[in-house]
1. Just to confirm the number: angle between the C-alpha axis of helix B:139-151 and the first principal axis of chain B, 0 to 90 degrees, nearest 10?
2. Which of B:Thr221, B:Thr18, B:Thr34 ends up with the largest GNM mean-square fluctuation for chain B, with Cα atoms connected below 10 Å?
3. Comparing A:Val27, A:Val88, A:Val18, which has the greatest mean-square fluctuation in the GNM of chain A with Cα pairs linked when under 10 Å apart?
4. Put a dot 7 Å past each Cα toward the Cβ at B:Glu155 and A:Leu85; how far apart are the dots in nm?
5. Checking the a/c ratio against 1.5 first, then a/b against b/c, what shape does the Cα gyration tensor give for segment B:164-231?
6. Would you mind computing, in nm to one decimal, how far apart the modelled labels at B:Val44 and B:Ala120 are, each placed 7 Å from Cα along Cα→Cβ?
7. How long is the gain from B:Ala99 to B:Glu79 if the chain were fully straight, where each residue apart is worth 0.36 nm and the alpha carbon distance is subtracted?
8. If R0 is 25 Å, what FRET efficiency do you get for B:Asn133 and B:Arg182 from their C-beta distance, rounded to 0.05?
Amino acid sequence: MWLPILGLLVGLALGLLVSVQVPLTYVKYSAIAILASVDTIVGGARAQFSGTFDLRVFLSGFVVNTLFAAGLTALGDLLGLDIYLGAVVAFSIRIFNNIGFIRRDLLGFVWRDRPAKAEQA
Amino acid sequence: MNGVPRPARVDARRAGFTVMAMALGFFLAVQAQTERTIESRLQVTSGRLGEVAYRYRQEDQRQERERREIEDLRLEMAEREQQAVGGRRALASLEESLARARMLAGLTPLRGPGVIVTVADSSRPLQRGEDPNLVLIHYSDVHAVVQTLWAAGAEAIAVNDERLVDRTGISCVGTTILCNTRRLAPPYRVTAIGNPDILQGIVLARGGILDELRTFDFPVTVTTGADLRVPAYAGGFEYHYARPVGKGG
């Protein structure tokens with residue numbers, strides 16, 4: 001369970017150390033793509049906790065959601081519509097949902113003996 | 001699921017998830033850095049980059065226009081400068097011809113090699129009943145000396161420091177000579193600028209005016225000088241009757 005967190009931290013450190021910058025033209029797309037991957041990771045974490053984690057679903061979700069979010073933003077730019085706002089809202093709601101599930105799972109994990117009560121929190 | 005031994009399948013899942021988490025961390029950090037750069041450089045969030053780009057383009061166009069304007073102004077300036085140079089050149093040539101005209105009119109003090117011819121009344125005592133004119137220098141004598149010097153190629157002549165110019169007349173006023181508007185008294189010192197040898201040779205020629213004056217015992221001296229000075233004509237030029245032909249009939 002600590003391994004992914006460690007991975008996240010290592011990734012953060014690497015990204016901060018390496019002075020790579022997103023080209024200005026793509027900043028908007030990469031931001032939404034990152035939000036999509038955050039959503040996927042959180043969803044994956046939730047699946048890990050509930051024991052329904054499937055690597056293929058996770059990986060394909062990661063790639064497809066990321067690309068789709070970026071593509072949607074590009075489409076929005078093409079049409080002059082802020083479609084990316086829709087993606088932001090959708091991903092945010094999903095992230096909150098998943099975080100909620102994870103919270104309950106964690107509560108159940110800490111108080112192993114009282115999982116039923118934690119479910120109602 | 002923590003700490004409990006699991007099949008290899010679970011490890012693969014965990015590894016994949018970890019790699020993805022790492023990738024996410026990496027991209028997050030890169031994005032954050034980029035965002036921070038944008039905000040620190042442009043003072044806007046990346047969401048408003050389009051607006052910045054629009055402003056930038058406008059500013060760029062404005063700069064381009066101004067650059068072109070500067071170029072035009074530079075060209076114009078160069079042109080004006082050229083004109084000014086032309087004007088200065090014209091002015092310089094005008095000044096040059098004016099200086100030459102002043103020199104021709106005798107309004108410029110001159111210096112150069114030449115001769116000084118001095119003639120004075122004779123100191124010979126008059127015989128009884130003799131005409132005193134015989135021992136006096138007349139205006140015609142001075143005039144003859146001057147004319148001889150002109151003929152010998154003198155470029156500028158002054159008599160007793162009175163410059164001779166085109167309209168100078170030499171005439172007689174009682175016992176003195178009137179030259180221009182000044183009365184001159186003997187001795188008469190004629191300063192002429194020109195080739196000293198030629199001037200001296202011609203003015204002293206046998207049968208010439210000085211030869212004649214010497215015959216009548218007038219004290220005559222001719223000296224050459226390497227750097228003689230002739231003053232400028234101090235009088236005026238007034239034309240009441242004469243006017244140039246052509247312009248204005």
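1. The angle comes out near 50 degrees.
2. Residue with maximal mean-square fluctuation among B:Thr221, B:Thr18, B:Thr34: B:Thr18.
3. Result for chain A, Cα springs under 10 Å: A:Val18 fluctuates most.
4. 9.6
5. Details: a/c = 2.00, a/b = 1.20, b/c = 1.67.
Oblate shape, in that a/c is at least 1.5 and b/c is the bigger or equal ratio.
6. It is 10.4 nm.
7. Working: separation 20, 0.36 × 20 = 7.20 nm, distance 2.99 nm.
Extending this stretch completely gives an extra 4.2 nm.
8. Working: r = 23 Å, r/R0 = 0.91.
Using R0 = 25 Å, I get an efficiency of 0.65.
Since every read-out is calculated from the coordinates, none of them should be taken as a lab result. Predicted model only: the values in this text are computed from it and were never measured. We place every Cβ from the backbone using ideal geometry, glycine too, and count neighbours over all the protein chains shown.
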